[in-house]
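*Asks:* First the structure, which I've put down as structure tokens, then a few questions once you've had a look.
The values are calculated or read from the model by the stated rules, or taken from the named source; none is laboratory data. Here the structure is a predicted model, which means the values were calculated and not measured. Cβ: placed from backbone, ideal geometry, glycine included. Neighbour counts: every protein chain shown. Accessible surface is based on the protein model in full, side chains and every heavy atom, while ligands, DNA and RNA are left aside. Shrake-Rupley method; radii C 1.70, N 1.55, O 1.52, S 1.80 Å.
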Amino acid sequence: MLQSGMRRFLLPLLLSWIACTSAQAQSPLLAHGLIIQLKPGAQAQVSRELPSAAHAKRESMAQERMAAVAQGAGVKGFAHRHLSGDHRLMRFAQPLQGSALEDTMRRLRLHPDVASVEPNVRVPLAQIPNDTNFALQWHLGSRSGAAAALNMSSTWAITTGTSAVTVAVLDTGVLRSHPDLLALGSRLLTGYDFVEDVDNANDGNGRDGDASDPGDWVTALEASTAAFAGCERSDSSWHGTFITGQIAAATNNASGIAGLNWNAKLLPVRVSGKCGALLSDILDGMRWAAGLSVEGVPINANPAKIINLSFGGDRSCTSSYQTVIDEMAAVGALVVVAAGNGSGAASRLLKRPADCKGVMAVGAVQRDGLKTSYSFIGDNMALMTTGGHGSGTSTMLLSADNTGLTVPAANVYDYKSGTSFSAPLASGVASLMLSINPGLTPDALISRMRTSSLPHINIGGFPSCSVNSTVACNCDTAVCGAGLLNPEAAMVQASQPAAVIGSLSSVSAGAALILDGRSSLAIGQATVTSYAWSLVDSGGTTIASANGSLTQIITPSVAGSFMVKLQVTDSLGRIGQTQLAISTTSVNSEGTAGGGGGGGGTVTWLCAFLLGVLTVMSILSRALSVFGRSPLRLLNTLLRKT
């Protein structure tokens, strides 16, 4: 029983270790040396000598300091030279990587004469794919002529993705015959068709295992019938194929277009047919895509961590939508949604699902960075990115398409615009971030993409945006989110450790609450070395211990909400952080929590006692391991003797 309990305690740590080693295996860091910045020393005071003599004296003293630093850190077999300022290059006799590199850098950082250490790594050239139409994808190119462009060549120099990440596209289905999708091979998963109504499905049946797009046209005659009341005559859109191509078209294959993620798996989930999608089909499709059960449907064997949902809405977020989105977050799936499009004098205020809590709502800007006339905006917006505008090839977005007005015809590449095509750009970037750091939660992805965004563009002569703006306008953070999507900076943010606060249940006012940060992860062979809990908005509560992986707080005695923040630092000095909003509910006379309340977990005095036991066990485990004894074996021995 003791061993079983100890295993349960150590299991989260074991899982974290597995995740870290998996991430390291994907992109091992190979250093040919180190760039070391020395702290200002005695050589800085050499000023009265002749310039040449002073330089020689400073260099001699620096040589002595570097020799002392290397000796103190136990580094052997190196040469070094001056770079600039206080920075010196330490060359290795042989390149180092993995634990040997991490240990060497850690020892050097601890030396009192060292200000900073960074690996001297080989920097790859910017990746420019050879796809024949890549030059026409201005939105993936340089920002020199398009302020809203993504400059993907620099991002691809960092990562082109991994097949360990699955992105689900909930849409009209997909045309597997399109050359840029056919070339994906096994990366394009089977998916599922969730369109339940046979008339709406347009493929002769209801739900089945075929996520192909048969076309979603509506004839004038159909639009006049009761079955399609409120629909307008329209040609087939091939909407899902266009979006799938944006995210992961076969890239660098000397043909067609480039997708953002060159290696991710794509999961087509057909939820939309003629005249759009039923809400029930969307909700079931979301659950299935994330690996949750749906009545009458086989379990999805390839759960997605990114779910692209390019659907608008006609009302504010409803209970059913919010419940499913909460379920997505609970299983670690990020829901990326289009902000929505408007026309005429209608309000541009966000509607469902873009106004639901926990989604990444993405709006559209023009090539020049101004908000498009059509994009919805609001205070739930995460960020903006290009969505195309106008009618020219230099302002719209290019992706996979089809010429069929009804059923599929010739596979081609064509131009479209709308927030529907802004969302997949953010989905693709999020999937690339997960290839670097698979431990990032949905909240962490949103936070880091917002943090890394570029400032909004402001062009003189144009009005400031509001929800009533129906023309191109200057965005600000009040209604357009944090800024413009910036993929390269997002990859840098992804390399920081992931601070993760364990999921919580309901919280009662005036109760003891344990906050768990043990699932926080570092990248590669780095480890999380410190934790720092703080209160962003205390609501009258305090934190008992601010520096442990586990901490306890006593919630305010009055029902309300407050915000906690966890910041973690890894063994390379990199920092990651996350925040969690906690709502408390009042306790009735019988001692049970009343009302709703979001995320939190109450604990009794017993739980507080268990927290102390867990902490002691952790310390004991570390201490005993120093003496080379198995903590479990030694603890069992001690118990048998008592």
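*Asks:* Highest mean first, how do 185-192, 456-463 rank when packing is the count of other Cβ atoms within 10 Å averaged over residues?
*Replies:* Put in order of decreasing packing, that is 185-192, 456-463.
*Asks:* Hey, another quick one. Enumerate the lysines that Lys416 could reach by cross-link, defined here as Cα to Cα under 23 Å, with residues fewer than 8 away along the same chain left out.
*Replies:* Within the straight-line cut-off, Lys416 pairs with Lys274, Lys351, Lys371.
*Asks:* Provide the per-residue ³J(HN,Hα) series for the range 129-136, in order, calculated from phi with Karplus coefficients 6.51, -1.76, 1.60 and θ = phi - 60°, each as a whole number of Hz, with x at glycine and proline positions.
*Replies:* Using θ = phi - 60°, the values come out as x, 9, 4, 4, 9, 4, 4, 7 Hz.
*Asks:* How do 518-526, 370-378 rank on mean C-beta neighbours within 10 Å, highest first?
*Replies:* Packing order, densest peptide first, comes out as 370-378, 518-526.
*Asks:* Sort the following peptides by mean Cβ neighbour count (other Cβ atoms within 10 Å, averaged over residues), highest first: 68-75, 280-287.
*Replies:* 280-287, 68-75
*Asks:* What net charge is computed for the residues neighbouring Ser431, neighbours being all others with C-beta under 13 Å from the C-beta of Ser431, Lys and Arg scored +1, Asp and Glu -1?
*Replies:* After counting each charged neighbour, the total is +3.
*Asks:* So which lysines pass the test for Lys57, namely a Cα distance under 18 Å, with those fewer than 8 places away in the same chain ruled out?
*Replies:* Within the straight-line cut-off, Lys57 pairs with Lys39.
*Asks:* Another question about this same structure. So which lysines can Lys265 reach, going by Cα to Cα under 17 Å and dropping same-chain residues fewer than 8 places off?
*Replies:* Qualifying lysines at Cα under 17 Å: Lys305.
*Asks:* Specify whether the C-alpha gyration tensor of the range 400-498 places it in the rounded, prolate or oblate class, a ≥ b ≥ c being the square roots of the eigenvalues: rounded for a/c under 1.5, otherwise prolate if a/b is larger than b/c and oblate if not.
*Replies:* Oblate, because a/c is 1.5 or more while a/b does not exceed b/c.
*Asks:* What percentages, rounded to whole numbers, describe P(r) for the range 105-256 computed over all alpha carbon pairs with 5 Å bin width beginning at zero?
*Replies:* 2, 7, 12, 14, 13, 11, 10, 9, 7, 5, 3, 2, 2, 2, 1, 0, 0
*Asks:* Using a 1.4 Å probe on the protein heavy atoms only, what accessible surface does Leu110 show? Give it in Å² to the nearest 10.
*Replies:* Its heavy atoms expose roughly 140 Å² to the probe.
*Asks:* Give me the number: length gained by fully extending His32 to Ser391, i.e. 0.36 nm times residue separation minus the C-alpha to C-alpha distance, one decimal in nm.
*Replies:* Working it through step by step, the gained length comes to 124.2 nm.
*Asks:* Place a +1 charge on the Cβ of each Lys and Arg in the range 306-448 and a -1 charge on the Cβ of each Asp and Glu, then give the dipole magnitude about the Cα centre in debye, rounded to the nearest 20.
*Replies:* In debye, rounded to 20, the range 306-448 gives about 220.
*Asks:* Taking a probe of 1.4 angstrom, what is the accessible area of Ser177 in Å², to the nearest 10?
*Replies:* For Ser177, the solvent-accessible surface is approximately 70 Å².
*Asks:* Suppose R0 equals 30 Å. What FRET efficiency, 1/(1 + (r/R0)^6) with r the Cβ-Cβ distance, do Asp103 and Ser163 give to the nearest 0.05?
*Replies:* So, using R0 = 30 Å, E works out to roughly 0.45.
*Asks:* Any chance you could run the full-extension gain for Ser466 through Leu83? It's 0.36 nm times the residue separation minus the Cα-Cα distance, nm to one decimal.
*Replies:* Full-extension gain reported as 132.8 nm.
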